[in-house]
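Peer 1: Here's a structure for you.
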Amino acid sequence: NPIEQGRRFDPEGVYIKRYIPELAHLSGDDIHEPWTVIDGLSKGYPEPIVDHAKERLESLARLEEIKAAKPIKPN
């Protein structure tokens, strides 16, 4: 999850502020989810196009289907 990774490894958003100038004015608390801050959207940053929580659940479900369809052979 890019949001959690950003909070964990770059809590102040230094990398984001450097490469996305539209978000440079945001605090470390707001920079990882700028669409939740009114000032984030007003400065030209779009809403997210991917719902990471939903996609994670879908990926896990697909992985379980694959595991169930193809049994693991013992060594």
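Peer 1: Normalised by the residues of the chain, what does the relative contact order come to in percent, with Cα pairs under 8 Å and at least six apart?
Peer 2: In percent, rounded to a whole number, it is 20.
Peer 1: Run the dipole for the chain about the Cα centre, Lys and Arg Cβ at +1, Asp and Glu Cβ at -1, nothing else charged, and hand back the magnitude in debye, nearest 20.
Peer 2: 520
Peer 1: Next question. Equivalent-ellipsoid semi-axes (√(5λ), Cα gyration tensor) for the chain, whole Å, largest first?
Peer 2: 36, 14, 8
Peer 1: Let me ask another. Please sort 1-10, 19-28, 61-70 by packing, taking for each peptide the average over its residues of neighbouring beta carbons within 10 angstrom, highest first.
Peer 2: Packing order, densest peptide first, comes out as 19-28, 1-10, 61-70.
Peer 1: Report the FRET efficiency, 1/(1 + (r/R0)^6), for Glu65 and Asn1, where r is their Cβ-Cβ distance and R0 is 35 Å, rounded to 0.05.
Peer 2: 0.95
Every number in this text was worked out from the coordinates using simple rules, so none of it is lab data. Small disclaimer: the values here were computed from a predicted structure and weren't measured. As a convention, Cβ positions derive from the backbone with ideal geometry for all residues, glycine included, and neighbour counts pool all protein chains shown.
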